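A.B. asks: This is the structure, below, for whatever I ask next.
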Amino acid sequence: MSLRRPPRGEYIETDTGNKVARKATLVGTQNIMLGGKTVIQPEVMIRGDLVRTIQASSQSGATPNSTAVAIGRYCFLSRGCCLRPPGRLYKGAFTYMPLRMGDHVFVGPGSVVQAASIGSHVHIGAKVVIGEFAIIKDYVRILDGTVVPPNMVIPNFSIVAGQPARLIGEVPEGGHEAFELRDLYKTVGNNPQPAPS
Amino acid sequence: MAAITPYTYIQCPCSDSSTLGRSSDTNSSRADGADDDDDRTFDPRAPRSNYSLYPLEYLLYCEDCHQIRCPRCVAEEIVTYYCPNCLFEVPSSNLKSEGNRCTRSCFQCPICIGPLAVTSVETKPDPSLLAAPDNTAAPQSGPYALTCSYCNWSSTEVGIKFDKPNGIHAQLSKLRNGGTARLTAKERKERRRDPSYRSSAATEQGDGRSGSDEKLDLETQFANLKSFYQSQLADPNASDGGLAALSDLGFSSPTSLSRIMSIYTGGSLHDKKAKLRVGAIREALEVDEGLQLADLDESAAIAQLHSEGHDGTASTSRLSDQPPNFGEAHLHGRSRFVSELRPIPYLLRTKRSKRCPVCRHIISKPEAKVQTTRFRIRLVAGSYIPSIAIRPLSLSSGSGTSASGSAGIPGALLEPLKPAHYLLTFTNPIFESIKVTLGAPAKTPGRFASKVTVLCPEFEIDANTDVWDEALKDPSGAGELRDRERERERRRHKGEEGGNVSNNNNQLEVGKIWERGRNWVSIVVEVVPAWLRLEHGTEEQRLREDEDLLEIPMFVRVEWEAEAVGDEVGAVVGRDKEAREKRELAYWCVLGLGRIRH
């Protein structure tokens, strides 16, 4: 590495606009798909190594699908959160299943996500635990400290909180724009922009 | 004490008329003096205010009435019912017959309300297996149970096992706790008709103590009572049917006449016959008629309470979560123990459309399909009225005064009697430039009056221009910014980064806008927080709840010129296309700035 180079920033910025912190721990990067414009803050862990070991029978002929974690666009993984694909017994053998995440998903600091799927425009607060094979639909807000039990389904426009998670409200019609993470995306990186007032 | 982030709540005008009606509000003495509504200051602390203040996101806007609508005043209509667990839509016809709970295999844990999964009982309770959403694919067979993967509760604890892993709801409705079968309505009817069953039951009873000791389950008792009272109601009519039979209308019958009379006179004119007839209806006396003697022997429950203690009893929230009529126990012996709770079928959720209460136009309508998040109509207030963002403004000591050092940190406590400055940023969402007039009382209402000065109560905000301009605001596309925009952009950045010391034009000045942008304007509000001690009020020294909260009521009046809308009949007649009409919208809002140190 030449000394001419500008000082290394805290983040690696990819061509598709992903901002991945150098201090983030990504295991099995070949199995992690980033949709672009996604921010991965320091101390985030993504377990891409927990890949599906048994292929679904329909896919046996095709090339094995080895995506463990799929993340959409404009997702924001805060410091210290962990994405871990869920695993279970399938036809008598243990296998992991892919974790899919839509666009504009915010994962708060210190949260652990083991969901099967997370929709788009989802806000997960700080120190939240999402159990294995939970399914979270779109426009869902999970408040800080919530524990979502395994297999739970959270429908659209829900606000959940508590241990275990309980529906406490609905996202109002005017609250949809608050889930947009485009502005937040600009505030981090090697040359962050100030947040718009 | 938890620090708060500044917030803005807006008062829906629907509560206005109600407050108009009663001017004698307890803690707004000023309001009593002023008869005119315009002079009255909105008090955010009034008990009534709790129900009329909403964050902007919760408010809708009726385009026909040009008025804000809140969740309290809109009329809701249900578009779709669906199960929140399996996300299947439930047709409303099913709803009438099956009730408002999911009739598929969706159940909640009665202990922790976590979702229950169907698992095979035979296999060892392996945690990874419990987590599996359905074990139908798994090769196990045999009895199945519902298990909670959160608290490890299992339906085997209440003695419920299933033969099949699907159709759990239908199976559960036939099972009582402990696994005994529960009669369906059809079976009950058959048993009532079948004398052989009754005799056999009586012989089983052994010490046939008039049969009234027989334990009836809730449904059977209800069915018995219902048929008994129906026959009772039918009986008196039959007895006086001699005359009534003469005419179909029954007007000639004295009893029906007296009945009609008693309807219209409110029962004050009791004649003897009516009394007699009332007396003719008797109560149930036998098991067949639905009599069930109260089981007052609670020794079993007491013994269980002794052995299990308080932890073994079900909390009221758990009991209220239990589906009605599902408990096997009798009404006067409701399940009181955790060990008697049954799995809860998921309550259905709804998608709802909203109507304006005044003009009945729909102001919010979601797509009917469960999975879609789109709306056909969504008129939210946020796209019609300016949003107000609050930010503490820390003036560095360059301006001479040591102003509000602590206010710079968001959520910090406000120092009493120390002026603090807040930046209010008004963002205009509409495509016309708007004129905003603010009105705030010089002193906040309540026992502890903080002084409030809005430095610039009147200003104009430019129109919210094209979406493309917003996109070009992105610094990557800064070259394409129009000159005017760039100029503004620069001014804005200077204000933010240059600091206040170097920026002479950013001195606090009355009547001047602090900063302005494409479709937003920032102004400064100066507050002098109150000293939270009563000087001579010895009787009530203690602070009441949230009295340390600094909330400023503010009256916002927005004026703009809009193109005359064609759909208003008569409004455009005689005018040309270019006609502009003046619009005005005024409402109270509350700015919550923070807590005062005390």
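The values are calculated or read from the model by the stated rules, or taken from the named source; none is laboratory data. Note that this is a predicted model, so its numbers are computed, not measured. Cβ placement follows ideal geometry from the backbone for every residue including glycine, while neighbour counts extend to all protein chains displayed. Remember, those area values only see protein heavy atoms, side chains included, never the ligands or the DNA or RNA. Shrake-Rupley method; radii C 1.70, N 1.55, O 1.52, S 1.80 Å.
A.B. asks: Check A:S111: other-chain or 5+ apart residues with amide H under 5 Å from its amide H, H built from backbone geometry?
C.D. replies: A:C81, A:C82, A:K127, A:V128
A.B. asks: Of all DSSP beta bridges in chain A, what percent run antiparallel (nearest 5)? Numbers along the way, then the final one.
C.D. replies: Working: 11 of 49 bridges.
Of those bridges, close to 20 percent are antiparallel.
A.B. asks: For B:I363, what residues show an amide H to amide H distance below 5 Å, using hydrogens built from the backbone and excluding near sequence neighbours?
C.D. replies: Sorted by chain and number, the residues that satisfy this are B:K354, B:R355, B:C356.
A.B. asks: Please list, in chain and number order, the residues 5+ apart from A:V147 or on another chain whose amide H is under 5 Å from its amide H, with Hs placed from the backbone.
C.D. replies: Correct list: A:V129, A:G162, A:Q163, A:A165.
A.B. asks: With a 1.4 Å probe on protein heavy atoms only, work out how much accessible surface A and B bury together, total over both chains, in Å² to the nearest 100. Numbers along the way, then the final one.
C.D. replies: Values: alone 10390 and 34960 Å², together 42110 Å².
Accessible area lost upon association: around 3200 Å².
A.B. asks: Still on this structure, I have one more. Between B:L549 and B:C151, how many nm apart are label points set 7 Å from Cα along the C-beta direction?
C.D. replies: 3.2
A.B. asks: Return the residues of segment B:72-112 for which accessible area with all protein chains present is lower than in the chain on its own by 30 Å² or more; set the probe to 1.4 Å and exclude ligands, DNA and RNA.
C.D. replies: SASA drop of 30 Å² or more in segment B:72-112: B:P84, B:N85, B:L87.
A.B. asks: With θ taken as phi - 60° and the coefficients 6.51, -1.76 and 1.60, list the Karplus ³J(HN,Hα) couplings across segment A:95-105 in order, rounded to whole Hz; mark glycine and proline as x.
C.D. replies: 8, 8, 10, x, 9, 10, 9, x, 9, 6, 9
A.B. asks: Could you check what % of the DSSP bridge pairs in segment A:80-176 are antiparallel, to the nearest 5? Numbers along the way, then the final one.
C.D. replies: On the way: 8 of 28 bridges.
Beta bridges within segment A:80-176, antiparallel portion: roughly 30 percent.
A.B. asks: So which residues in segment B:354-381 end up with at least 30 square angstrom less accessible surface once the other protein chains are there, compared with the chain by itself, probe 1.4 angstrom?
C.D. replies: B:Q371, B:T373, B:F375, B:R378
A.B. asks: Moving on. Compute the length gained on full extension between B:S93 and B:E509: take 0.36 nm times their separation in residues and subtract their Cα-Cα distance, giving the result in nm to one decimal. If you can, show how the numbers build up before the last one.
C.D. replies: Numbers: separation 416, 0.36 × 416 = 149.76 nm, distance 6.61 nm.
Once the chain is fully extended between B:S93 and B:E509, it gains 143.1 nm.
A.B. asks: Treat every Asp and Glu Cβ in segment A:40-197 as -1 and every Lys and Arg Cβ as +1, leave all other atoms uncharged, and give the resulting dipole magnitude about the Cα centre to the nearest 20 debye.
C.D. replies: On the way: 14 positive and 11 negative charges, 101 e Å.
Roughly 480 debye for segment A:40-197.
A.B. asks: Given a 1.4 angstrom probe, I'd like the percentage of the accessible area of segment A:47-162 that is carbon and sulfur, rounded to a whole number.
C.D. replies: On the way: 2150 of 3920 Å².
Whole-percent figure for carbon plus sulfur exposure: 55.
A.B. asks: For peptide A:80-89, what's the mean number of Cβ atoms from other chains within 10 Å of each residue's Cβ? Don't jump to the answer; show the numbers that get you there.
C.D. replies: On the way: counts 0, 0, 0, 0, 0, 0, 2, 2, 8, 9.
The per-residue average across the peptide is 2.
A.B. asks: Can I ask one more? Once phi is turned into ³J(HN,Hα) by the Karplus curve 6.51 cos²θ - 1.76 cosθ + 1.60 with θ = phi - 60°, what whole-Hz value does each residue of segment B:360-371 show in order, with x for glycine and proline?
C.D. replies: Karplus-based 3J(HN,Hα) across segment B:360-371 equals 6, 6, 6, 10, 7, 8, x, 5, 5, 5, 5, 7 Hz.
A.B. asks: Follow-up question, since we're still on this one. Within 10 Å of each Cβ in peptide B:57-67, how many partner chain Cβ atoms are there on average? Round it to a whole number, please. Working shown, then result.
C.D. replies: Details: counts 8, 5, 3, 3, 1, 0, 0, 0, 0, 0, 0.
The shielding value for this peptide is 2.
A.B. asks: To continue, here is another question. Identify which of A:S66, A:S117, A:S78 has the largest mean-square fluctuation in a Gaussian network model of chain A, with springs joining Cα atoms closer than 10 Å.
C.D. replies: Ranking A:S66, A:S117, A:S78 by mean-square fluctuation puts A:S66 first.
A.B. asks: Give me the distance in nm between label points sitting 7 Å out from Cα along the Cα-to-Cβ direction at B:T5 and A:Q30, one decimal.
C.D. replies: Label at B:T5, label at A:Q30, 4.2 nm between them.
A.B. asks: Residues of segment A:121-170 losing 30 Å² or more of accessible surface, assembly versus chain alone, probe 1.4 Å, please list them.
C.D. replies: Buried-area filter returns A:K137, A:P149, A:P150, A:N151, A:V153, A:P155, A:N156, A:F157, A:P164, A:R166, A:E170.
A.B. asks: Oh, and also: Mind listing the phi-derived Karplus ³J(HN,Hα) values for segment B:153-168, rounded to whole Hz, using 6.51, -1.76 and 1.60 with θ = phi - 60°, and x for any glycine or proline?
C.D. replies: Running phi through 6.51 cos²θ - 1.76 cosθ + 1.60 with θ = phi - 60° gives 5, 9, 5, 5, 5, 9, x, 10, 10, 10, 7, 10, x, 10, x, 5 Hz.
A.B. asks: For chain A, what is the accessible area per residue in Å² when the probe is 1.4 Å? Write out the running numbers ahead of the final one.
C.D. replies: Numbers: 8760 Å² over 197 residues.
Here the residues of chain A average 44 Å² of exposed surface.
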